[in-house]
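Okay, structure first, notes after.
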Amino acid sequence: MEAMIPAMQQAVASDALVIAGKPYTSRLLVGTGKYKDLEQTRLAVEASGAQIVTVAIRRTNIGQHPNEPSLLDVLPPSRYTYLPNTAGCFNAEDAIRTCRLARELLDGHELVKLEVLGDEKTLYPDIPQTLQAAEILIKDGFKVMVYTNDDPIVAKRFAEMGCVAVMPLAAPIGSGLGIRNPYNIRFIVEEATVPILVDAGVGTASDAAVAMELGCDGVLMNTAIALAKNPVLMASAMKKAIEAGREAYRAGRMPRKQYGSPSSPVGGTVF
Amino acid sequence: MQIILNGEAQVVSGPLTVSQLLEQLGLGGRRVAVEVNREIVPRSRHGEHELNHDDRVEVVRAIGGG
């Protein structure tokens, strides 16, 4: 590999994503659902370069192959930061209960992804219930990364109450529709006092790059990788898209112009 | 006695601690979290927490999710 010039090395190295005081070099967070098997999960997560992985908390299948490898065996918590989610919760009470179980399961782990859904068709968040749950969880010592809609006022409220990251949707969970409202995502980013991560709705690499170019601090995705024809290859594509989008954002894009502007000098031609 | 384990009625022979239940289920030493009647029983207390008739026991784990 070509050696990076020192200035660039420094620029890349200093650009950590800090969540709840902990720095991460990867700005791509991935879910671990919907994969064919644990081996595919492991390979895709590895290819994505993600350091934070979301997991769901569910009942153990009583009497079914207790010795089967578990997710924690293939993605060791010593190597990855686990982000237990409250997926499937439709009220604050269930979400809080799920977070407390996760904390017990993961030995006092405090970082959680709070999502309280409002309806099964759109999977849009129930904001009043999410606010209620966030307040109690924060008081209880949890570090809450909150899934929300793309309302800038609501996003600000979550940051003010002490959520460690605010994660607006780009489009409905699992829809792959891309960034449906870039203007709102930009408003949220502009007002941000905590990391803003697009969570949900990304369908392909360009969507992830757009999110990063808008100034988001990271992207959390699951389905876009897991349901690609080749999940491992898509995970690698997403890694690059996140990096490219982030660098483009930091580089600052050129102004848009209505008409053409020659790239070669106008003078000095031989005719 | 009967307990409700992950939503299903199960007959178990008591007295039975949480640790003993997990052993019987083949879950001894596995990473699980246990709730009895909606209260978490911390891992450090699995050995001493005795189950009672009609207790609602939940045993959960981490699985793939987004």
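Just so you know, all these numbers are worked out from the coordinates, no wet-lab data involved. Please read all numbers here as calculations on a predicted model, not as lab measurements. All Cβ positions, even for glycine, are placed from backbone atoms using ideal geometry, and neighbour counts span all protein chains on display.
Using only Cα atoms, find the angle between the long axis of helix A:38-48 and the longest principal axis of chain A, and express it within 0 to 90 degrees, rounded to the nearest 10. Its long axis makes an angle of about 30 degrees. Over chain B, all Cα pairs binned in 5 Å intervals from 0 give whole-percent P(r) values of 4, 17, 31, 29, 13, 4, 2, 1, listed from short to long.
Peptide B:53-62 has a mean of 5 when you count, residue by residue, the C-beta atoms of other protein chains within 10 Å of its C-beta. The smallest convex shape that holds all Cα atoms of the protein assembly as shown, its convex hull, gives 174 Å³ per residue.
Using θ = phi - 60° in the Karplus curve 6.51 cos²θ - 1.76 cosθ + 1.60, the 3J(HN,Hα) couplings for the stretch A:157-163 round to 4, 4, 5, 5, 7, x, 5 Hz; x is entered for Gly and Pro. For the peptide A:31-42, the mean number of other protein chain Cβ atoms found within 10 angstrom of a residue's Cβ is 2. Most mobile of A:Val74, A:Val164, A:Val144 per a Gaussian network model of chain A (Cα springs, under 10 Å)? Judging by the Gaussian network model, the answer is A:Val74. A simple charge model with +1 on the Cβ of Lys and Arg, -1 on the Cβ of Asp and Glu and nothing else charged puts the dipole of chain A at about 480 debye relative to its Cα centre. Listed by chain and number, the lysines whose C-alpha is less than 17 Å from the C-alpha of A:Lys22, apart from same-chain residues fewer than 8 away, are A:Lys113, A:Lys143. Arranged from fewest to most other beta-carbon atoms within 10 Å of their beta carbon, A:Asp151, A:Asp126 become A:Asp151, A:Asp126. Amide H contacts for A:Tyr24 (H built 1.01 Å from N in the peptide plane; partners 5 or more residues away or on another chain; cut-off under 5 Å): A:Leu17, A:Val18, A:Ile19. Annotation: amide H-H contacts under 5 Å for B:Leu5 (H modelled 1.01 Å from N, sequence separation of 5 or more, or interchain): B:Gln10, B:Val57.
The 3J(HN,Hα) values that the Karplus relation (6.51, -1.76, 1.60; θ = phi - 60°) gives for the stretch A:89-98 are, in residue order, 8, 10, 8, 4, 4, 5, 5, 5, 4, 5 Hz. Gly and Pro appear as x. Amide H contacts of A:Gly33 (H built 1.01 Å from N, in plane; Pro and chain starts excluded): B:Gly65, B:Gly66 sit under 5 Å, all sequence-distant by 5 or more or on other chains. Shown is the FRET efficiency for A:Thr204 and A:Glu247, computed with R0 = 22 Å from the Cβ-Cβ distance and rounded to the nearest 0.05: 0.70. The antiparallel fraction among DSSP beta bridges confined to the protein assembly as shown stands at about 45%.
Taken residue by residue and averaged, Cβ atoms of other chains lying within 10 Å of the Cβ of A:84-94 number 1.
Spatial offset of the stretch A:116-162 relative to the stretch A:14-79 amounts to 23 Å, using the alpha carbon center of each. Of A:Asp107, A:Asp94, the sequence from fewest to most neighbouring Cβ atoms within 10 angstrom is A:Asp107, A:Asp94.
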